[in-house]
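Participant: After the structure tokens below, expect a handful of questions from me.
Only the coordinates and a few stated rules stand behind these numbers; no lab work does. No experiment lies behind these values; they were computed from the predicted model shown. All Cβ positions, even for glycine, are placed from backbone atoms using ideal geometry, and neighbour counts span all protein chains on display.
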Amino acid sequence: MQVYRWMDEKDVQVLASVKAERDKSLDWKPFAAIRELWPRLPGLTADLCRFDLPQVTIGTPLAPDHPARVVLEQAARAVMPWKKGPFNLFGIDIDAEWRSDFKWERLADALPDQKDKLVLDVGSNNGYYLFRLLPQRPRYLLSIDPVPRLWYQFHLLQRYAGAPNLEFAMWGWEELACWKELWDTVFCMGIIYHHRDPMGILRNLREAMKPGGLLVMESIVIPGDDSICLFPPDRYARMRNVWFVPTVTALKHMMTRAGFIDIREVATNRHEPAEQRTTLWNPGPSYRDFIDPHNADLTAEGHPAPWRTILTARKKG
Ligand SMILES: C[S@@+](CC[C@H](N)C(=O)[O-])C[C@H]1O[C@@H](n2cnc3c(N)ncnc32)[C@H](O)[C@@H]1O
């Protein structure tokens, strides 16, 4: 991994051993079909790549019955569901559950130029946002997410996108401790409420960032001005792994307590079914099934329905 060149030998060893262990999950049974297809992936060159479009586009469209496209489509189907996107791979229109371009649009104008920056996306899913960042020519981009299906999705795209300074590893926020004041910019989007230790995540994020570095924090939130969090006794919007849902104020206070400064609210909006929905590439239930069918202000369990916020902040210089 290119990132090792900026790290101490001791930390490299820790990350390399976590990587070796996690990489074993690529051999799990659910990935038998993609493993079988992998050596047969076509040796195409993507003459056209568009990372500036809402639909990340890699390769000039091939006819639907072109043998190379047929294999690529089998591969993309073998690693379903696609939660983040949209992508277009040689004409294959991968309409993911999430219109991740909506989040990107809300964020893009507030993001300072990333040219020559070292950028980390924590819990990146398949790497959609870092593909979108490529036109700004950061020095290096690392996408981390511990889920093997996403390793396959990322590498299926990157094999043809061929961005030399973009990598993916199955590390999680827990591994951030291996980076000491390294990153210029860190994205932590859609992560914090899924984990039990929000202050631990914020501490790890801060320590991994350069002084003066930029944090992009994105989260579900509940409406209201008080500094409080909803702590659901069980599921929230059908999700088992939502531990708390803060107000924007509470999230800002957590970030302040963790040592971040210059906290800015970039966008806060009601979460809408147009942004997260059932598609051919994510055939399972989606947001409409997670909220009260008679009252869009409530989740299926009767909690306040989610809004989303994007905050940016700096690590003290
Ligand atoms: C709600 S998704 C957010 C994806 C993306 N960041 C976005 O904003 O669209 C949460 C992501 O966190 C990943 N994840 C799970 N455990 C993690 C961990 N320990 N550290 C970092 N990410 C993790 C999941 O695989 C999933 O891709």
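Participant: For segment 131-191, give me every one of the strands (runs of 3 or more DSSP E) that falls completely inside it and has 1 or more residues that are within 9 Å of the ligand (Cβ to nearest atom) and not charged (D, E, K, R).
Facilitator: In segment 131-191, the matching strands (runs of 3 or more DSSP E) lie at 140-144, 183-189.
Participant: Same structure, new question: If you go through segment 104-136 one residue at a time, how many are free of Cβ contacts under 8 Å to residues at least 24 places away in the same chain and touching a Cys at 6+ places or on another chain (Cβ under 6 Å)?
Facilitator: Total satisfying the criteria: 0.
Participant: Please count how many residues of segment 79-103 are in contact (Cβ under 8 Å) with a residue 40 or more places away in the chain and either hydrophobic (A, V, I, L, M, F, W, C) or assigned to a loop (DSSP other than H, G, I, E, B) (or both).
Facilitator: Of the residues in that region, 14 qualify.
Participant: May I pose another question? Starting from segment 23-36, keep only residues that are surrounded by 11 or more Cβ atoms within 10 Å (Cβ to Cβ), then list their pairs with residues that are in a helix (DSSP H, G or I) and of a type in the set (Ser, Thr, Tyr) whose Cβ atoms are within a distance under 8 Å, requiring at least 6 positions of separation or different chains.
Facilitator: Note: pairs meeting the criteria are LEU26/TYR152; PHE31/TYR152; ILE34/TYR152.
Participant: Here is a list: LEU230, LEU166, LEU156, LEU182. Which entry is touching a Lys or Arg at 6+ places or on another chain (Cβ under 9 Å) and either surrounded by fewer than 17 Cβ atoms within 10 Å (Cβ to Cβ) or not small (Gly, Ala, Ser) (or both)?
Facilitator: LEU182
Participant: Looking at segment 87-103, can you tell me whether even one residue there is within 24 Å of GLU174 (Cα to Cα), crowded, with 22+ Cβ neighbours inside 10 Å and aliphatic (A, V, I, L, M)?
Facilitator: no
Participant: In a helix (DSSP H, G or I) and surrounded by fewer than 14 Cβ atoms within 10 Å (Cβ to Cβ): does that describe LYS19?
Facilitator: For LYS19, the condition - in a helix (DSSP H, G or I) and surrounded by fewer than 14 Cβ atoms within 10 Å (Cβ to Cβ) - is not met.
Participant: For the structure I just gave you, tell me whether MET217 is surrounded by 16 or more Cβ atoms within 10 Å (Cβ to Cβ) and under 23 Å from SER286 (Cα atoms).
Facilitator: Taking the combined requirement at face value, the residue does not satisfy it.
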